Structure formats: C-alpha cells, structure tokens
Amino acid sequence: MGSSNGIDEEDVLSVFDHLEERTEPLTAEEVADATGCSQRVAHDTLDTLTEQGHLKSKQFGERIQAWWRPSTATGQSPDNSASDNIDTPTHDYKDRTRIERILEASPVSLVVVDPSGEIVFANRRAEETLGLEHAEITSRTYRQPDWNIYYDDGTPVPVDEHPVTRVLQTKEPDFGFEHWIQLPDGTERWLSSNSAPVLNDDGGVEFVVVGFEDATPLKEREDKLTSEKRRVLELYSEQLFQPFLDAADGEIQIAVDEVVDLPNGKGLQYITATGISAKALTNVFEQHPSVLDIRLLQSASDHCRLEIHVKDPTVPLVFADLGGEVTSLLQNQPDKPPTLTGELPGDVPPRTAVQAAREAHSDIELESQELRYSPRLLYDIVADELTERQFAALQTAYYGGYFDTPRTSTGDELANRLDITRQTFNHHLRRAERTVLHQLFEASGKGAL
C-alpha cells in the first residue's frame, strides 16, 4: 500500500487498528493529531482508503464526517464478498459445505431468507448480534413483530418498508438501512444492514442475503459529535391540533414563549396566539385534562397571551424535561399540514421525545428533524449560576409581564404561582437580576470557562 499526499496509508490504518475498539469511528482531526499530518491531508487519505474499501465513512450534518474500520476490512470491496456466491441447489455437496463454512466464519452477521419469508440460515456472528440462539432465529420469519425493530423516532418498521420486502418486490439490492432493535434482554442496539437477492436461472428471487453490523458505537459517536448542536423537530398530532383548528376561522399560530417548571410535575406555559380569539382559545385549553387553570395576560385585535397552569403530561413539559423547548405549539398555513415545532439538545434521540410526547397525545408522529448550531452562551451561563427558584422567579416575572408597563402580573400573583410568599419572590428576583447584570457587565464570560 502506497502513500497519499506525503502520508503513508498504512500509518492511517494503524491508527484505527490500535484503538481499543477497532471499529470506533474517528474524525479527520483525530487522525491528523495521531499521525502528525495536516487535517486536509488526513481527510484526503481517509477518502482514498474509503474508495479502496479499507474504511467506511458517514456524514453527520454539514460539517462533521467520521471514518471507521469495518469488521470485514481486508482491502477487498464488499461487492466481492462470499455472500454473492450463496449456495444454490446446483452446487454439489462439497461446494455446498464449503460455502456454508465460509458463511459461518464470516465476521459480518449474515442471515439468509427464502421467498416465503422464512429465515433458513444464520451464522454465529448473527446469533451474537441478535442475542438469540440459531434455532430461535431460523424458527422465525423476517416479518414477525418479535424482532422489535424501529426507526430513529421509535416508530415500528412496517413489513412493507422492510428492506427484505423491497428486495423481494424489486429484485434489487437495498443498502444502508439503519434501525434500532430491542434485544431479548431489553437492551437496544443500532444495526446497519445491506440486503441483496440471489436470482435463479429464470430471474426469480431464490434467496435474500442480509448482512448487518452493530452500529451502536457509531451512533454513540454521532451523539458526541452533535452534542453542541440543537435538534429541531416538527411533529404532527390530529388529537392536539383539531380542537384549535375547529375553533379558529383560518390561519392560526400558537407560539410557546416560555415554560416554567414547578414542583410536583406542574408547570406554567406562556403562549401567544394569533388567528383565534382569547375566548375560543381559553375554551379549547379548558377541555384539556392537563390544564389546571388559565389566566389571560393580554388581548388585542390580532393576538392574545395566556398563562396556562398545567400538570404532566403536556408536550412543552416533555421537551423541557429533556433540556429542550417547544417553540410553536401549532402553526397552520394554507396548503401545508399543521405542525408543532420543538428543539432538543443534539445528543437527545428524536424517538425519546416522540415516545414521551405520546403520553400526552398518542397519535404524535415525527414529520422532520434538522440539526442546527444554537449558541446561547449567556443564557446557559445565567441558568447555571441561578438556583432553580431564582431562575423560575426571573422567567415568571419576564413572561408574566411583571416588567411591562403597565404590568400584566403583580408580584403577589406571581408569588402565588410559585407557591411562595411575596417577600421570598422579591428576594429570588433581586438575586436573579443581580446575577444577570453581573454576567453581562463584570464577569466577561468567566462562566464560560
């Protein structure tokens, strides 16, 4: 093996081979640090090794790419693997047993499915990956719900979207299918699979060969790489949306200004709505079992603001518990389906939020997701410096209109919401104000160190 741009390709591969977990993904920056070359040279060399089949690569968002050493890395393209020569009835006994031994020894998890859907073969590696004995695997079909396979958002993978179904229908390979699976012991494992047909002389599918790898380390690495980003989700729920749509005359938008956590699983949701009257909006919220009481803060011809006292479960409280926030409870525009928009820390899986939100509305589905950089440095510093009570007092005062002229909430009303005395509320608020001003004018970003 030669060199690329002044760096020996063997040196790059040795970086992966000396890892504690040989298949751990690395970035170009990490390879550059390990080999002493520039990040650009490392990136080009990694791309070259990927083209040669020695490495695999995946892009995370717009700026981050990772490479890893596949368990089958031998310098040979995966297209030339033994699975392309799967046994057919025309092989003699010696050829058949030889191929079976090769498949059995493969470091890649392999199963073979016949056209009826029965799993007729599974190698040792597949048993280890799936946490099942050989007899348990081959007693099933690929269609059985016992497999417990799910998309990223926690939605079960339906049979008609299963890669084996597509291969049987199209007679074409299906590569790069990622999903997570719940093992018999209850643990979760991410899998990445490639499925390909074995055709008979008449062009029909005789077998489907499925090779799959444990992608859990790669997913864990992805979580680390995305932890400095925000994940923006768009959700849909007819149960949530329809009462508001029925009460509105046309376009409607309900923005969530802030959510304040209170003790015992309760909270305050401050919302601003357009396209619906304050009375109609209040009537809809009053029908929701999680709403304890409502206070009108402002009402104008084109919008209204409410303070809603709630208990679990509500979608805004779910996002708040996960370190995120719902920014729009409902946005309905012509020619577009209504959506709920929320943000989460980049390392929180979307399915975690979707599954938790379904406690409030069982029909919630993930419509889209996107990773974005969201530097809120001063906000994070202040939130870390304040106690929970101080932060709640500051949030409640700001979003409750305490600083407005004229005030839309009195100190007594806000103290009552927080279940504290007026004197205690004033004390928390003064301490919070002082901390914000200190970080803004004197600390010079010390909290960021």
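The values are calculated or read from the model by the stated rules, or taken from the named source; none is laboratory data. All of these numbers come straight from a predicted model, not from anything done at the bench. Positions of Cβ are backbone-derived with ideal geometry, glycine not excepted, and every protein chain shown enters the neighbour counts. Heads up: the accessible areas ignore ligands, DNA and RNA and are worked out on the full protein's heavy atoms, side chains in. Shrake-Rupley method; radii C 1.70, N 1.55, O 1.52, S 1.80 Å.
Mind listing whichever residues of region 264-301 are in contact with a Ser or Thr (Cβ under 9 Å, 6 or more places away or on another chain) and closer than 19 Å to TYR399 by Cα?
GLY267, LEU268, GLN269, TYR270, ALA278, VAL291, ILE294, ARG295, LEU296, LEU297, GLN298, SER299
Residues to consider are ALA255, ALA248; find the one that is more than 27 Å from the chain's Cα centre (by Cα) and surrounded by 14 or more Cβ atoms within 10 Å (Cβ to Cβ).
On the way: ALA255 fails: more than 27 Å from the chain's Cα centre (by Cα).
Result of the check over ALA255, ALA248: ALA248.
Pairs under 7 Å by beta carbon, first residue at negative phi in region 91-113, partner open to solvent by 80 Å² or more (accessible area, probe 1.4 Å) and at pLDDT below 70, six or more apart or different chains?
From region 91-113, the pairs are ILE99/ASN85.
Go through region 363-387 and count every residue that is modelled with pLDDT of 90 or more, open to solvent by 80 Å² or more (accessible area, probe 1.4 Å) and either small (Gly, Ala, Ser) or under 28 Å from ASP419 (Cβ atoms) (or both).
0
Counting residues that are modelled with pLDDT of 85 or more, which helices (runs of 4 or more DSSP H) fully inside region 24-121 reach at least 3?
Once the helices (runs of 4 or more DSSP H) in region 24-121 are filtered for at least 3 residues that are modelled with pLDDT of 85 or more, what remains is 28-35, 39-51.
Go over the candidates ASP380, ASP404 one by one and state the one that is part of a loop (DSSP other than H, G, I, E, B), without any contact (Cβ under 8 Å) to a residue 24 or more places away in the chain and of a type outside the set (Phe, Trp, Tyr).
Being part of a loop (DSSP other than H, G, I, E, B), without any contact (Cβ under 8 Å) to a residue 24 or more places away in the chain and of a type outside the set (Phe, Trp, Tyr) holds for just one of ASP380, ASP404, which is ASP404.
What are the pairs with Cβ atoms under 7 angstrom where one residue, in region 130-159, is closer than 15 Å to PRO115 by Cα and the other, located anywhere, is open to solvent by 50 Å² or more (accessible area, probe 1.4 Å) and in a loop (DSSP other than H, G, I, E, B)? Sequence gap at least six, or different chains.
VAL159/ARG143
Report, by residue number, each residue of region 26-50 that is open to solvent by 40 Å² or more (accessible area, probe 1.4 Å) and of a type in the set (A, V, I, L, M, F, W, C).
The answer is ALA34, and nothing else.
What are the residues in region 414-429 that are charged (D, E, K, R), part of a helix (DSSP H, G or I) and either closer than 22 Å to ALA320 by Cβ or modelled with pLDDT of 95 or more (or both), if any?
Listed by number, the list holds a single entry, ARG417.
Confirm whether SER290 is farther than 24 Å from SER368 by Cα and touching a strand residue (DSSP E or B) at 6+ places or on another chain (Cβ under 8 Å).
yes
What is the residue count in region 25-45 for residues that are within 12 Å of VAL15 (Cα to Cα) and touching a Ser or Thr at 6+ places or on another chain (Cβ under 7 Å)?
2
Looking only at residues that are in contact with a helix residue (DSSP H, G or I) (Cβ under 8 Å, 6 or more places away or on another chain) and either over 19 Å from GLU367 (Cα atoms) or surrounded by 14 or more Cβ atoms within 10 Å (Cβ to Cβ) (or both) in region 156-166, which one is modelled with the highest pLDDT?
THR165
Condition check ((1) charged (D, E, K, R); (2) open to solvent by less than 30 Å² (accessible area, probe 1.4 Å); (3) free of Cβ contacts under 8 Å to residues at least 40 places away in the same chain) across all residues:
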position	(1), (2), (3)
LEU168	no, no, no
PRO173	no, no, yes
PRO184	no, no, no
LEU199	no, no, yes
VAL205	no, yes, no
VAL208	no, yes, no
PHE212	no, yes, no
LEU218	no, yes, no
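Against the definition (at pLDDT 90 or above, more than 26 Å from PRO406 (Cα to Cα), charged (D, E, K, R) and surrounded by fewer than 19 Cβ atoms within 10 Å (Cβ to Cβ)), how does GLU325 come out, yes or no? Write out each step before concluding.
On the way: at pLDDT 90 or above: yes; more than 26 Å from PRO406 (Cα to Cα): yes; charged (D, E, K, R): yes; surrounded by fewer than 19 Cβ atoms within 10 Å (Cβ to Cβ): yes.
For GLU325, the condition - at pLDDT 90 or above, more than 26 Å from PRO406 (Cα to Cα), charged (D, E, K, R) and surrounded by fewer than 19 Cβ atoms within 10 Å (Cβ to Cβ) - is met.
Please specify each residue of region 296-320 satisfying the condition of being touching a residue at least 60 places away in the same chain (Cβ under 8 Å) and surrounded by fewer than 21 Cβ atoms within 10 Å (Cβ to Cβ).
LEU297, GLN298, HIS309, ALA320
What pairs come up if the first residue lies in region 267-282 and is open to solvent by 10 Å² or more (accessible area, probe 1.4 Å), the second is of a type in the set (Lys, Arg), and their beta carbons are under 9 Å apart, counting only those six or more places apart or on different chains?
Matching pairs, first to second residue: THR272/ARG305; ALA278/ARG305.
Only one of GLU325, GLU286, GLU343 is touching a Gly at 6+ places or on another chain (Cβ under 6 Å) and acidic (Asp, Glu). Can you tell me which? Write out each step before concluding.
Numbers: GLU325 fails: touching a Gly at 6+ places or on another chain (Cβ under 6 Å); GLU286 fails: touching a Gly at 6+ places or on another chain (Cβ under 6 Å).
Among GLU325, GLU286, GLU343, only GLU343 is touching a Gly at 6+ places or on another chain (Cβ under 6 Å) and acidic (Asp, Glu).
Looking only at residues in region 204-233 that are more than 26 Å from ILE181 (Cβ to Cβ) and at pLDDT 90 or above, which one is nearest to the chain's Cα centre (by Cα)?
VAL232
Taking region 259-290 on its own, how many of its residues are under 25 Å from PRO349 (Cβ atoms) and part of a strand (DSSP E or B)? Lay out the reasoning, then the answer.
Just the residues of region 259-290 that are under 25 Å from PRO349 (Cβ atoms), to begin with: 259, 261, 265, 267, 269, 290.
With part of a strand (DSSP E or B) added as a condition, the list becomes 259, 261, 267, 269.
Adding up the residues that qualify gives 4.
Take the conditions open to solvent by less than 80 Å² (accessible area, probe 1.4 Å) and more than 28 Å from the chain's Cα centre (by Cα) and apply them to LEU418. Does it pass?
Working: open to solvent by less than 80 Å² (accessible area, probe 1.4 Å): yes; more than 28 Å from the chain's Cα centre (by Cα): yes.
For LEU418, the condition - open to solvent by less than 80 Å² (accessible area, probe 1.4 Å) and more than 28 Å from the chain's Cα centre (by Cα) - is met.
Can you spot a residue in region 130-139 that is modelled with pLDDT of 90 or more, open to solvent by 60 Å² or more (accessible area, probe 1.4 Å), among the β-branched types (Val, Ile, Thr) and on the phi < 0 side of the Ramachandran plot?
Scanning region 130-139, I find no residue that is modelled with pLDDT of 90 or more, open to solvent by 60 Å² or more (accessible area, probe 1.4 Å), among the β-branched types (Val, Ile, Thr) and on the phi < 0 side of the Ramachandran plot, so the answer is no.
Among what's in region 180-199 and is part of a strand (DSSP E or B) and of a type in the set (A, V, I, L, M), pick the residue that is nearest to ASP214 (Cα to Cα).
The extreme case among them is LEU191.
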